[in-house]
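Written out below as structure tokens is the structure these notes cover.
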Protein chains: 2
Amino acid sequence: MVSFTIQNVLIAASDDYATVDVQIVDGVIAAMSTTVTERSRSAGYAYAPNLQAIGTVIDGKNKLLLPGFFNAHTHSSEMWQRGIMSAFPLELWLAELYDFAPLDPEQVYLSALGTAVETLLSGGTSVVDHLVLIPGLELETIAIATRAYREVGIRAFIAPLIQDESLSAGIPSGESAQTHEPYFRTTAATLEIIEEAVRQFHRPDEGINILVAPTGIQLCTDALFQGCIELSDRYNLCRHSHLLETRAQQKLAQEKYGCTAVEHLKRIGFLSNKTSLAHCVWLNDADIAILAETQSTVVHNPLSNLRLGSGIAPILKYRQAGVNVTFGCDGASSNDSQDLLEAIKIGSILHNITDSDYQHWITPRQAVEMASLGGAKGLNIADKLGSLTVGKKADLVLYDLTNLSLLPRTDPIGLLVLGRPTNVVNSAWVNGKQIVADGKVTTINVDELRQELFNRSQWETKRKSETVAQIEAHYRTVMGL
Amino acid sequence: MVSFTIQNVLIAASDDYATVDVQIVDGVIAAMSTTVTERSRSAGYAYAPNLQAIGTVIDGKNKLLLPGFFNAHTHSSEMWQRGIMSAFPLELWLAELYDFAPLDPEQVYLSALGTAVETLLSGGTSVVDHLVLIPGLELETIAIATRAYREVGIRAFIAPLIQDESLSAGIPSGESAQTHEPYFRTTAATLEIIEEAVRQFHRPDEGINILVAPTGIQLCTDALFQGCIELSDRYNLCRHSHLLETRAQQKLAQEKYGCTAVEHLKRIGFLSNKTSLAHCVWLNDADIAILAETQSTVVHNPLSNLRLGSGIAPILKYRQAGVNVTFGCDGASSNDSQDLLEAIKIGSILHNITDSDYQHWITPRQAVEMASLGGAKGLNIADKLGSLTVGKKADLVLYDLTNLSLLPRTDPIGLLVLGRPTNVVNSAWVNGKQIVADGKVTTINVDELRQELFNRSQWETKRKSETVAQIEAHYRTVMGL
């Protein structure tokens, strides 16, 4: 493990900035110099670093150092369909998505690389990949995504996406009596795959984590949830799921359980301080209280929620209730990018229209904390990650404050969160290992990746999904369209 | 005037793409080869350009050619305060903005350059600058912004921002009796400045246009509006104004006129096919019908409307009513970037949550048309700009489809609008003159601009606005906070 010292770098300190030196030893933040704030500096105090440089010296001048962000919910292989998905709500969009899902492990590998690169270059050092598994090649899918994340060096939380009901079961029945095809794989077989994945790939110390990740109440039986809870307890795994992304799912929960989805998930014991839940758009106040009480984390995916017309998650209410919130890009078929800074910006300012009292609005500094410490909390790892704290792991990002998109100089974090920063990530480290330098990913050849993505795709216009043709009329009826 | 030919380039053609050659002669699209669609090409037809190359040959392979977009509402000098403005609604935000407004013409020059560069590198070839005038240096402000836009070569619509009531008049009185300081300059003097600006700077053939641009009903008397209408008629000038950005303005219009702002503006004759109106968040159905009937244009500034908590403009209703809509970034103190592709993305997908019927949602192709032809219509220049049409002016943008953010290859326009494209503008031309080549602005030195912006600014944290301290209590009372 290499050691290094970042000298003379700007960091956030209480409500001000400070210029400090930061020592990293064996992948851990070993020491930080006593801070000199910008205010005291402009009042005439000289900059006086008091740390000896250890190892490689990194010049932090005119740069901002922040803890790495978490891309806390995505589906990497959706990259293959970004830009082309129809303007549909989730239920129809899913049908189109699965009609054209990539079935080649090599594609999974390339899109995991692409997801990692875009996340890194927008400030993320961790990614939660709710990974779509190729039927019949489930463990191979997990293996190849693991390989991709290890090669890039990003910290990966691989959450194999599992279900045990067929797609049509995810749409409310309404007045009609609907029957659904049984799912092609048994619940037990699915749980065996996950357990085997844990044995083969779950290596937290090496930056690779497996999560139990039922897709959501809309497509999973209680037996599947309970199997996941058991695995989570046995192997100390985090839990991840979609939750109440759409109004249709809210209806479905009532049909299925006679109560809200949150009440049901609490009853069966899925909610915990190791549980992160993507979307959470259609929760009521009692549901919100349950999330707070169980210390569950909400992963906010604002762009996906707009793109699919899902709605605006009540993020200000979550914050007021003490629920931990962090951000995700969601899969690139519903966003259609993996730019975490974009998700943080929109995920902050979107809520200003939901509460006319501006004193409740999310400030840029709060947004940064949600994206870093909030992400770590959601993965039950806040003791090791998520802030610039001596003793925590060095998952760090250094931003170039001389980039046009961050000028003129005003409030660096304000510019980063509220602006549209491009090409601003100068360096990134995961576990103390540098994986971005001078604005370039150093661990893989990004030009080759581009060439592969180009060669394996072609420009096309709108496709026709056969499944959508089958289910659209029912969807419109049930949803009153 | 140079001539050139773009060969083998992808363009949008009906609901497909075509590979064509495009000839530009004397600043005008002179000819386009018969189109070969991607579908017919993949069906085995060979690519057969049938145009002889004239002038310089530009290789269009793996690139997409679109008409330049319009950044149809911004305030360039707000760039100096981006990133640092408090989380406030418009009325308080304005007070903070003006307490720290730049008063140096050189700053106006630099921020106009910066606004032009960011607009260009995100697909815009025209900018509507609702330009804040330095008191006492009004014509100098207009002169220096004009100089900046001429140097960059972007097409500029300079709309000097004028008012004749003081800032506090923009907040509803509520039950209280409020008196306001008189504005420091008379209505007549203001109109004289505008008329002089028209004489000195209005040169449409050279790409510089002056607009009459009262800031809005909240700070302008009818006399000012009427003076603007007269100038508009006499000199054939377009008209620009803010309209009903906030709920407070909706209240104020009722206090001031006893009717809606739109009804009042119609009555005094401000609305026309030369009138573009920024924001339009708080209109009712009758107001919308008036905009359609008068052929007025709505400029949608989605990011600013979120950032300031103004609300969601009813854009789908405008489109259904036949009102022309285009996009703006708004000033960088309320956005805080001038990335037009970001405004187009958010301004499209934001509305999916306002109408559960996805058949009404804005598609990427519609968004592109709104940003190009919609912008031209709003400036009464659709006969000359806004589409790839033989005979129209060559304001063109060439996008590099091999950039990682536009891969894998799917639907190029879908990727451009719904993704988060970075560094994708390869070339841009205004009036046939190339001003971006190989991803770089060729007309000014952007590194020098960065250095100037850096040198004239400093990192700072939150400031205290004295005006906000004076008016905040009244604002909270009137707005029921």
*Regarding B:Gly311, is this residue within 13 Å of chain A (Cβ to nearest Cβ) and touching a helix residue (DSSP H, G or I) at 6+ places or on another chain (Cβ under 7 Å)?*
yes
*Within the stretch A:162-199, count every residue that is in a helix (DSSP H, G or I) and either of a type in the set (D, E, K, R) or surrounded by 13 or more Cβ atoms within 10 Å (Cβ to Cβ) (or both).*
15
*Could you say whether any residue in the stretch B:447-468 is closer than 16 Å to B:Leu121 by Cβ, modelled with pLDDT of 95 or more, more than 24 Å from the chain's Cα centre (by Cα) and not assigned by TED's automatic domain parsing to the domain that holds B:Ala12?*
yes
*asked:* I'd like the full set of residues that are under 17 Å from the mean Cα position of the chain (by Cα) and more than 8 Å from chain B (Cβ to nearest Cβ), limited to the stretch A:53-99.
replied: A:Pro67, A:Gly68, A:Phe69, A:Phe70, A:Asn71, A:Ala72, A:His73, A:Thr74, A:His75, A:Ser76, A:Ser77, A:Glu78
*Looking at (1) surrounded by fewer than 24 Cβ atoms within 10 Å (Cβ to Cβ); (2) outside any loop (DSSP other than H, G, I, E, B); (3) in contact with a helix residue (DSSP H, G or I) (Cβ under 7 Å, 6 or more places away or on another chain), find the lone condition where A:Ile134 falls short.*
(2)
*How many residues does the stretch A:113-127 hold that are at positive phi and either assigned to a helix (DSSP H, G or I) or surrounded by fewer than 24 Cβ atoms within 10 Å (Cβ to Cβ) (or both)?*
0
_Can you find, within the stretch A:418-446, the residue that is farthest from the chain's Cα centre (by Cα) among those that are among the charged types (D, E, K, R) and under 26 Å from B:Leu341 (Cβ atoms)?_
A:Asp438
*Report the residue count in the stretch A:291-309 for those that are over 18 Å from the mean Cα position of the chain (by Cα) and either crowded, with 20+ Cβ neighbours inside 10 Å or closer than 18 Å to A:Asp339 by Cβ (or both).*
2
*State the number of residues belonging to the stretch B:381-396 that are surrounded by 16 or more Cβ atoms within 10 Å (Cβ to Cβ) and at positive phi.*
1
*Enumerate the pairs (first residue in the stretch A:280-299 and more than 18 Å from A:Arg267 (Cβ to Cβ); second residue anywhere and hydroxyl-bearing (Ser, Thr, Tyr) and not in a strand (DSSP E or B)) with beta-carbon separation below 6 Å, excluding pairs fewer than 6 apart on the same chain, so at least 6 apart or on different chains.*
A:Val281/A:Ser310; A:Val298/A:Tyr318
*Within the stretch B:404-417, identify whether any single residue is within 26 Å of the chain's Cα centre (by Cα) and within 24 Å of B:Ser333 (Cβ to Cβ), and answer yes or no.*
no
*If you check A:Glu255 against the conditions, is it part of a helix (DSSP H, G or I), among the acidic types (Asp, Glu), in contact (Cβ under 8 Å) with a residue 60 or more places away in the chain and more than 21 Å from A:Ile381 (Cα to Cα)?*
yes
*Quick one: how many residues across the stretch A:234-280 are among the β-branched types (Val, Ile, Thr) and buried (at least 24 other Cβ atoms within 10 Å of the Cβ)?*
3
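Residues are listed down the side, and each one gets a yes or a no for (1) touching a residue at least 60 places away in the same chain (Cβ under 8 Å); (2) in contact with a helix residue (DSSP H, G or I) (Cβ under 6 Å, 6 or more places away or on another chain); (3) surrounded by 22 or more Cβ atoms within 10 Å (Cβ to Cβ); (4) among the hydrophobic types (A, V, I, L, M, F, W, C):
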site	(1), (2), (3), (4)
A:Leu416	yes, no, yes, yes
A:Arg463	yes, no, no, no
A:Arg476	no, no, no, no
A:Gly480	no, no, no, no
*Return only the number of the condition from (1) over 17 Å from A:Ala101 (Cβ atoms); (2) at pLDDT 95 or above that A:Ile144 does not satisfy.*
(1)
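Rundown of residues vs (1) surrounded by 24 or more Cβ atoms within 10 Å (Cβ to Cβ); (2) more than 9 Å from chain B (Cβ to nearest Cβ); (3) at pLDDT 95 or above; (4) under 30 Å from B:Pro412 (Cα atoms), yes/no style:
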residue: A:Leu316; (1), (2), (3), (4): no, yes, yes, no
residue: A:Arg319; (1), (2), (3), (4): no, yes, yes, no
residue: A:Gly328; (1), (2), (3), (4): yes, yes, yes, yes
residue: A:Gly331; (1), (2), (3), (4): yes, yes, yes, yes
residue: A:Gln338; (1), (2), (3), (4): yes, no, yes, yes
residue: A:Ala343; (1), (2), (3), (4): yes, yes, yes, yes
residue: A:Ile346; (1), (2), (3), (4): yes, no, yes, yes
*asked:* Under 6 Å between Cβ atoms, which residue pairs at least 6 apart in sequence (or on different chains) link something in the stretch B:93-110 that is of a type outside the set (D, E, K, R) with a partner that is exposed (fewer than 15 other Cβ atoms within 10 Å of the Cβ) and assigned to a helix (DSSP H, G or I)?
replied: B:Pro105/B:Glu140
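The values are calculated or read from the model by the stated rules, or taken from the named source; none is laboratory data. This one's a predicted model, so the numbers in the text were calculated from it and none came from an experiment. Heads up, the Cβs are rebuilt from the backbone with ideal geometry, glycines too, and the neighbour counts pull from every protein chain shown.
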